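Asks: Got a structure for you, questions after.
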Amino acid sequence: MTTLRVVLGDQCSEGLSALDGLDAARDVVLMAEVRAECTYVRHHKQKIALVLSAMRHFAAALRGRGITVAYTCLDDADNTHSLAGEVARAAKAHGATRIICTHPGEFRVLRDMQSWRDATGLPVEIREDSRFLCSLDRFRAWAGDKKQLRMEYFYREMRRATGLLMTAPDEPAGGQWNYDAENRAALPAGLTPPRPRRFAPDAVTQAVIALVEREFPDHFGTTDQFHWPVTAEQAEQALADFVTHRLPRYGDYQDAMAQGEATLFHALVGAALNCGLLDPMAACRAAEAAYRSGHAPLNAVEGFIRQILGWREYVRGLYWLKMPAYRETNALEAHRKLPWLYWSGETGMACMAAAIRQTRDLAYAHHIQRLMVTGNFALLAGLAPAEVNDWYMVVYADAYEWVELPNVQGMALHADGGVMASKPYAASGAYINRMSDYCRGCAYDVKRPTGEGACPFNYLYWDFMARHATRFAKNMRMAMPLRTLAKMDPNKVATMRAQATAFLDALEAGAEPLPMARRTSASRAGRDSVLPLPEPTQARRRTPPARR
Ligand code: FAD
Ligand code: DLZ
Ligand code: SF4
């Protein structure tokens, strides 16, 4: 009676439900590096390297505990390169009588798992993923037949259920549930955020990086700056580094952006959480302890816990509640192609260039860059949700569909028609100027609404409002911008709309219409401020970013 216990690349967790009750004398754990998972979207090179390195380290740790691990390396000659293929091969090789696995993070993999019974002729038990703090059943019960789902109310339930930051059963610490209103400061000049701890690639990671460079040379991104934690021990060190050095100011500067500052006071733990190296409850408890000891203020700790206990669990519940239809939503009827600048970073828009170049080099951008720069541009420009989703799935080390899709489809693009967020996060250049120093080093003028040199976010914003004025007429949260639009000179609106169309058409044709007098004044940090116009590069022909 041998049980084959399957552990996927984002399931590198000691407490994984698939390992519960494991009998080391008889059972076999299967871990398989397969081409299908590395290429169903053409993941950033760092993401593949992170997942494969985490898998190899986790397999070694299991073996160290006397557990038999059947491990397929990507370059093994007999690799079938699909999960189903490797499960069938291992089941046969080890004479397995049943298969146990943990619920996967993506709908397509669940479908695949459900086919393993037919492929192997063995019973397949798919266990709940107990690493999440809210089970799917519980989320479904909470959602019930509510007309509107809102993260804030879900989050309060989770605070009550876990007791995190509670002083009594219905009494949140400090008397308020949410301190977001205190978390909107820009980074003051002279304040340099502490550098996050980096983990130099060990021999295992170096071998994997070489493999990735060899096997996936055309994938987006570079591996030169790989610094991710690849073991649970390192992930805990990364968390401790955050709690000690950045958490105290996490709240204040949560929405800030700054040229040359990739992380600011963010935690940089999403990639480790999502591949299973870090326990979400441990992260919340560490932050709570910092509050209780007086090391970090409540606005910072509540803000951080809300991201993990609230947003992370909420988007996961929503994903499984709404899939597969959720992926197909396109409420704003957005159909434009993703412009090439999302891959090249070659644009005069300093905010976009900074976010994209950083993403290429680090496989990371913080939330406000994702939402209010690249996401906001995609929303205003009316880019097709499928293309935008593919981009976000490709470019980040922490990207898995269960978390990427609701954030892009729902939060950034409003493609779900308001299931996830009550209004679109649309903003003009003024917001980016308020929250960052990007505009100071930009080829465009953030103060100009239209005409030569005007910031594209400005005319795109009003074009977006005019395009969707009827749709949002009854949305109270959109009343203010729509009132402003209604008071505008119709000629000015028409000019802005014409400029928006001309700009987007030019981008689609691969030639951004930069202003004549390109201002080259350096930003505060003087880095990456103005980039050359996009060339019809080699890479454009080489790297079709398509989903398989
Ligand atoms: P911090 O800001 O320090 O937050 C701490 C943790 O809270 C994160 O690691 C994450 O686990 C959780 N968290 C914060 N915000 C969210 C959120 N909106 N949804 C879910 N969890 C959240 N997150 C991913 O994990 N994978 C993605 O593919 C992803 N794609 C995104 C796409 C868009 C358009 C947007 C707007 C957000 C996306 N996010 C995604 C959410 C968020 O931006 C990242 O979790 C965060 O930037 C990761 O960096 P960090 O660890 O420094 O986060
Ligand atoms: C992301 C990823 C990658 C790049 N490679 C593998 C792999 O080779 N083998 C594997 O088991 N898992 C991998 N993963 C993680 C899976 O894609 C992930 O389990 C699914 O997307 C479900 O979340
Ligand atoms: Fe971005 Fe506009 Fe500011 Fe340039 S001026 S950095 S395009 S918001």
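The values are calculated or read from the model by the stated rules, or taken from the named source; none is laboratory data. Quick caveat, the model's predicted, so the values are computed rather than measured. So basically every Cβ, Gly included, is an ideal-geometry build from the backbone, and we count neighbours across all protein chains shown. The protein model used for the area step is the full one, side chains on, heavy atoms only, and it has no ligands, DNA or RNA in it. Shrake-Rupley method; radii C 1.70, N 1.55, O 1.52, S 1.80 Å.
Asks: Looking at ARG56, ARG26, ARG89, ARG65 in this structure, which one is in contact with a helix residue (DSSP H, G or I) (Cβ under 9 Å, 6 or more places away or on another chain) and among the charged types (D, E, K, R)? Spell out how you get there, then give the answer.
Replies: On the way: ARG26 fails: in contact with a helix residue (DSSP H, G or I) (Cβ under 9 Å, 6 or more places away or on another chain); ARG89 fails: in contact with a helix residue (DSSP H, G or I) (Cβ under 9 Å, 6 or more places away or on another chain); ARG65 fails: in contact with a helix residue (DSSP H, G or I) (Cβ under 9 Å, 6 or more places away or on another chain).
Checking each option against the conditions leaves just ARG56.
Asks: Still on this structure: Looking for whichever is within 20 Å of LEU507 (Cα to Cα), within 16 Å of ligand 3 (Cβ to nearest atom) and buried (at least 23 other Cβ atoms within 10 Å of the Cβ) here; the options are ASN389, ASN376. Which one fits? If you could, list the steps in order and put the result at the bottom.
Replies: Values: ASN389 fails: within 16 Å of ligand 3 (Cβ to nearest atom).
Within the list ASN389, ASN376, the selection yields ASN376.
Asks: Can I ask one more? Under the condition of being crowded, with 24+ Cβ neighbours inside 10 Å and of a type in the set (S, T, N, Q), which residue from the stretch 36-60 is farthest from ligand 3 (Cβ to nearest atom)?
Replies: By that ranking, first place goes to SER53.
Asks: A further question on this structure: Identify, from the list ALA272, ALA256, the residue that is surrounded by 22 or more Cβ atoms within 10 Å (Cβ to Cβ), under 18 Å from the mean Cα position of the chain (by Cα) and assigned to a helix (DSSP H, G or I).
Replies: Values: ALA256 fails: assigned to a helix (DSSP H, G or I).
On inspection, the qualifying residue turns out to be ALA272.
Asks: Just give me the residues in the stretch 158-184 being part of a loop (DSSP other than H, G, I, E, B), open to solvent by less than 40 Å² (accessible area, probe 1.4 Å) and either at pLDDT 95 or above or among the aromatic types (Phe, Trp, Tyr) (or both), in sequence order. First the steps, then the outcome.
Replies: Of the residues in the stretch 158-184, the ones part of a loop (DSSP other than H, G, I, E, B) are 163-165, 169-170, 176-179, 183-184.
Checking which are open to solvent by less than 40 Å² (accessible area, probe 1.4 Å) leaves us with 163-165, 177, 179, 183.
Across the stretch 158-184, the qualifying residues are GLY163, LEU164, LEU165, TRP177, TYR179.
Asks: Given the residues ALA77, ALA91, ALA84, ALA70, which is the only one that is surrounded by fewer than 17 Cβ atoms within 10 Å (Cβ to Cβ), of a type in the set (A, V, I, L, M) and farther than 21 Å from LEU273 by Cα? So that I can check it myself, show each step before the final result.
Replies: On the way: ALA91 fails: surrounded by fewer than 17 Cβ atoms within 10 Å (Cβ to Cβ); ALA84 fails: surrounded by fewer than 17 Cβ atoms within 10 Å (Cβ to Cβ); ALA70 fails: surrounded by fewer than 17 Cβ atoms within 10 Å (Cβ to Cβ).
Answer to the selection: ALA77.
Asks: So which of TYR400, TYR396, TYR425, TYR438 ends up being within 16 Å of ligand 3 (Cβ to nearest atom) and crowded, with 19+ Cβ neighbours inside 10 Å? Before you say what the answer is, go through the steps one by one.
Replies: Details: TYR400 fails: within 16 Å of ligand 3 (Cβ to nearest atom); TYR396 fails: within 16 Å of ligand 3 (Cβ to nearest atom); TYR425 fails: crowded, with 19+ Cβ neighbours inside 10 Å.
That would be TYR438, the only listed residue that is within 16 Å of ligand 3 (Cβ to nearest atom) and crowded, with 19+ Cβ neighbours inside 10 Å.
Asks: Now for a different question. What number of residues in the stretch 144-199 are touching an Asp or Glu at 6+ places or on another chain (Cβ under 8 Å) and on the phi > 0 side of the Ramachandran plot?
Replies: Number satisfying all stated conditions: 2.
Here's the yes/no breakdown for (1) among the small types (Gly, Ala, Ser); (2) assigned by TED's automatic domain parsing to the domain that holds THR470:
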residue: ALA289; (1), (2): yes, no
residue: VAL301; (1), (2): no, no
residue: ILE308; (1), (2): no, no
residue: ASN330; (1), (2): no, no
residue: ILE356; (1), (2): no, yes
residue: LEU362; (1), (2): no, yes
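Asks: Has the stretch 32-48 got at least one residue that is assigned to a loop (DSSP other than H, G, I, E, B) and polar (S, T, N, Q)?
Replies: Taking the stretch 32-48 and keeping what is assigned to a loop (DSSP other than H, G, I, E, B), we get 33-34, 40-44.
If we keep only those that are polar (S, T, N, Q) as well, we get none.
Within the stretch 32-48, not a single residue is assigned to a loop (DSSP other than H, G, I, E, B) and polar (S, T, N, Q).
Asks: Condition test on ALA539, is it at pLDDT 95 or above and under 24 Å from GLU387 (Cα atoms)?
Replies: Considered against the rule, which asks whether it is at pLDDT 95 or above and under 24 Å from GLU387 (Cα atoms), ALA539 comes out as no.
Asks: From the set of residues in the stretch 126-139 that are assigned to a helix (DSSP H, G or I) and within 23 Å of the chain's Cα centre (by Cα), which is nearest to ASP20 (Cα to Cα)? Step through it out loud before you land on a result.
Replies: So the first thing to find is which residues in the stretch 126-139 are assigned to a helix (DSSP H, G or I), and the list is 136-139.
Keeping just the survivors that are within 23 Å of the chain's Cα centre (by Cα) gives 136, 139.
Working: LEU136: 19, PHE139: 23 Å.
So the residue we want is LEU136.
Asks: I'd like to check something: does the stretch 393-400 contain any residue that is touching an Asp or Glu at 6+ places or on another chain (Cβ under 7 Å), near ligand 1 (Cβ under 9 Å from one of its atoms), in the same structural domain as ILE368 (by TED's automatic domain parsing) and hydrophobic (A, V, I, L, M, F, W, C)? Show your work before the answer.
Replies: Narrowing the stretch 393-400 to residues touching an Asp or Glu at 6+ places or on another chain (Cβ under 7 Å): 393, 400.
Filter once more, keeping what is near ligand 1 (Cβ under 9 Å from one of its atoms): 393, 400.
Now narrow it down to the ones that are in the same structural domain as ILE368 (by TED's automatic domain parsing): 393, 400.
Pick out the ones that are also hydrophobic (A, V, I, L, M, F, W, C) and you get 393.
Yes, the stretch 393-400 contains a residue that is touching an Asp or Glu at 6+ places or on another chain (Cβ under 7 Å), near ligand 1 (Cβ under 9 Å from one of its atoms), in the same structural domain as ILE368 (by TED's automatic domain parsing) and hydrophobic (A, V, I, L, M, F, W, C).
Asks: Please list, ordered by first then second residue, the pairs with beta carbon atoms under 7 Å, 6 or more apart or interchain, first in the stretch 342-358 and within 18 Å of GLU387 (Cα to Cα) and away from ligand 3 (no atom under 13 Å from the Cβ), second open to solvent by less than 10 Å² (accessible area, probe 1.4 Å) and hydrophobic (A, V, I, L, M, F, W, C).
Replies: Note: pairs meeting the criteria are TYR342/ILE356; TYR342/TRP391; GLY345/ALA353; GLY345/ILE356; GLY345/LEU531.
Asks: Of all the residues that make up the stretch 11-35, how many are open to solvent by 20 Å² or more (accessible area, probe 1.4 Å) and either in contact with an Asp or Glu (Cβ under 8 Å, 6 or more places away or on another chain) or closer than 21 Å to VAL394 by Cβ (or both)?
Replies: 2
Here is a yes/no grid of residues against (1) open to solvent by 10 Å² or more (accessible area, probe 1.4 Å); (2) among the β-branched types (Val, Ile, Thr); (3) over 30 Å from MET352 (Cβ atoms):
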position	(1), (2), (3)
VAL208	no, yes, yes
VAL212	no, yes, no
THR222	yes, yes, no
GLN225	yes, no, no
VAL230	no, yes, yes
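Asks: Still on this structure, I have one more. Can you tell me which residues in the stretch 291-336 are part of a helix (DSSP H, G or I), open to solvent by 40 Å² or more (accessible area, probe 1.4 Å), away from ligand 1 (no atom under 12 Å from the Cβ) and touching a residue at least 24 places away in the same chain (Cβ under 8 Å)? Outline the logic, then answer.
Replies: As a first pass, look at the stretch 291-336 and keep what is part of a helix (DSSP H, G or I): 291-292, 298-322, 325-328.
When the remaining residues are screened for being open to solvent by 40 Å² or more (accessible area, probe 1.4 Å), the result is 291-292, 307, 311, 321-322, 325, 327-328.
From what's left, away from ligand 1 (no atom under 12 Å from the Cβ): 291-292, 321-322, 325, 327-328.
Of everything in the stretch 291-336, those that are part of a helix (DSSP H, G or I), open to solvent by 40 Å² or more (accessible area, probe 1.4 Å), away from ligand 1 (no atom under 12 Å from the Cβ) and touching a residue at least 24 places away in the same chain (Cβ under 8 Å) turn out to be TYR291, LEU321, LYS322, ARG327.
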